[in-house]
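Nothing in this text is a laboratory measurement; each read-out follows from the coordinates by a stated rule. These numbers come from a predicted model, not from an experiment. Neighbour counts run over all protein chains shown; Cβ positions are idealised from the backbone, glycine included.
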Amino acid sequence: MKEVMAIIRMNMVNSTKTALANAGVPAFFCRKCLGRGRKSVDMAVVQTLIETGETPVNAVGEHLTESHRLIAKRLFTLIVDDGQVDEVVKIIIEANQTGNPGDGKIFIIPIMEAYTVRTGESTKDAY
């Protein structure tokens, strides 16, 4: 078993849910999260804009002046058989790929054991 963790844009949740359900992968978790990528903000440019008064007084200006601003994203978590990992990753990429920075990240993590709390059942039947 593997855990597939996908961080995606907020506006891509419905298309991702639909794509996964159409592929027969209906079980997942989706959580709100905040984060940012590793693209750095050139603070020298920002400081120059602030000093000259050229920073726009709108969402763009606000974004430029907050170098560590966290962006709202969604975190999908799926537990799948080892043989489903490639298919699930492909589905998530196809549903979320715009070609622009911020499309998301996918991480694959091994699951050693799983248990159903209600029955105490273990192994792959638990999920």
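The table that follows gives values for the structure above.
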| item | result |
| --- | --- |
| Residues Asn14 and Thr119, FRET efficiency given R0 of 30 Å [Cβ-Cβ distance, rounded to 0.05] | 0.40 |
| Estimated distance in nm for a label pair at Lys32 and Ile71, the labels positioned 7 Å out from Cα along Cα-to-Cβ | 1.9 nm |
| Highest-first arrangement of 28-36, 110-118, 2-10, where packing means the average Cβ count within 10 Å | 2-10, 28-36, 110-118 |
